[in-house]
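Remarks on the structure that follows.
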Amino acid sequence: MLARMTSEPEQQIGVGTQDAFQRLWTPHRMAYIQGENKPTGPGADDGCPFCTIPAKSDEDGLVIARGEKVYAVLNLYPYNGGHLMIVPFRHVADYTELDGSETTELAEFTKRSMTALRTASGAHGFNIGMNQGTVAGAGIAAHLHQHVVPRWGGDTNFMPVVGHTKVLPQLLADTRKMLAAAWPA
């Protein structure tokens with residue numbers, strides 16, 4: 001594949017603007033773009049995936065660890081390998097709706113996720129945050145979830161910057177198994 005690449009732009013019929021890049025197709029992202037598995041409304045019974053995941057096995061739900069008030073789960077559409085979320089079991093939309101014990105366990109699970117990601121994959125840093133509301137970028141605004149995205153020096157290369165494509169080197173099931181094994185007690 002690389003042998004055919006040249007520094008000269010190559011005409012690629014039907015792909016838009018011509019450039020020198022080959023295409024790496026990621027059709028699984030279309031499910032996210034089209035809103036597959038998004039709730040139909042704000043209630044817990046409106047198809048909320050964060051309400052249905054706890055009823056599944058850890059393997060089927062991609063659950064890494066379960067607490068009393070929250071659980072850690074891999075993001076089905078990750079920004080980086082190991083991208084996980086801390087989710088309260090209770091269906092609440094806003095951070096201010098968490099009670100004290102939920103807030104405490106969410107913070108503790110965030111710390112544990114950082115430890116597990118450092119142990120399992122040698123993460124150098126993290127992006128941690130919540131998008132509160134649809135206008136703030138929440139993909140599922142009806143159920144609070146905090147993202148923990150591991151980062152490594154040099155993890156932003158030409159693929160996401162120029163190619164608008166993220167390459168993930170591991171299947172989600174394998175990542176779940178690796179992080180569950182590294183999860184601190």
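Can you pull out the residues in the stretch 118-146 that are farther than 14 Å from residue 80 by Cβ and among the hydroxyl-bearing types (Ser, Thr, Tyr)?
119, 134
Among the residues in the stretch 123-133, are any in contact with a helix residue (DSSP H, G or I) (Cβ under 6 Å, 6 or more places away or on another chain), open to solvent by less than 60 Å² (accessible area, probe 1.4 Å), at pLDDT below 90 and at negative phi?
no
If the Cβ limit is 6 Å and pairs must be 6+ apart or interchain, which residue in the stretch 57-80 that is more than 12 Å from residue 180 (Cβ to Cβ) and open to solvent by less than 40 Å² (accessible area, probe 1.4 Å) pairs with which residue that is assigned to a strand (DSSP E or B) and small (Gly, Ala, Ser)?
Short answer, once both residue conditions are applied: none.
Quick one: how many residues across the stretch 161-182 are modelled with pLDDT of 75 or more and open to solvent by less than 40 Å² (accessible area, probe 1.4 Å)? If you could, list the steps in order and put the result at the bottom.
Narrowing the stretch 161-182 to residues modelled with pLDDT of 75 or more: 171-182.
Now drop any that are not open to solvent by less than 40 Å² (accessible area, probe 1.4 Å), which leaves 175-176, 179-180, 182.
Total meeting the criteria: 5.
I'd like the residue in the stretch 141-160 that is part of a loop (DSSP other than H, G, I, E, B) and modelled with pLDDT of 90 or more and, out of all such residues, is nearest to the chain's Cα centre (by Cα).
Step one: of the stretch 141-160, the residues part of a loop (DSSP other than H, G, I, E, B) are 141-145, 152-157.
Within this subset, residues satisfying the condition of being modelled with pLDDT of 90 or more are 141-145.
Working: 141: 15, 142: 17, 143: 15, 144: 14, 145: 11 Å.
Once the filter is applied, the top-ranked residue is 145.
Could you give every pair whose Cβ atoms fall below 9 Å, whose first residue belongs to the stretch 100-116 and is β-branched (Val, Ile, Thr), and whose second residue is open to solvent by 50 Å² or more (accessible area, probe 1.4 Å) and in a helix (DSSP H, G or I), counting only separations of at least 6 or pairs across chains?
Qualifying pairs under 9 Å: 103/95.
For the stretch 72-105, what are the residues that are within 18 Å of residue 51 (Cα to Cα) and within 8 Å of the chain's Cα centre (by Cα)?
Within the stretch 72-105, 74, 75, 76, 77, 84, 85 qualify.
Among the residues of the stretch 115-131, what is the count of those that are under 16 Å from the mean Cα position of the chain (by Cα) and either of a type in the set (Val, Ile, Thr) or assigned to a loop (DSSP other than H, G, I, E, B) (or both)?
If we filter the stretch 115-131 for residues that are under 16 Å from the mean Cα position of the chain (by Cα), which is where we start, we get 116-117, 121, 123, 125-131.
Now restrict to residues that are either of a type in the set (Val, Ile, Thr) or assigned to a loop (DSSP other than H, G, I, E, B) (or both): 123, 128, 130-131.
Total meeting the criteria: 4.
When you scan the stretch 93-109, do you find a residue that is at pLDDT below 95 and in a helix (DSSP H, G or I), even just one?
no
The values are calculated or read from the model by the stated rules, or taken from the named source; none is laboratory data. All values reported here derive from a predicted model rather than from experimental measurement. Note that we place each Cβ from the backbone using ideal geometry, even for glycine, and neighbour counts take in every protein chain shown. We work out accessible area using only protein heavy atoms, side chains counted, and drop any ligands, DNA or RNA first. Shrake-Rupley method; radii C 1.70, N 1.55, O 1.52, S 1.80 Å.
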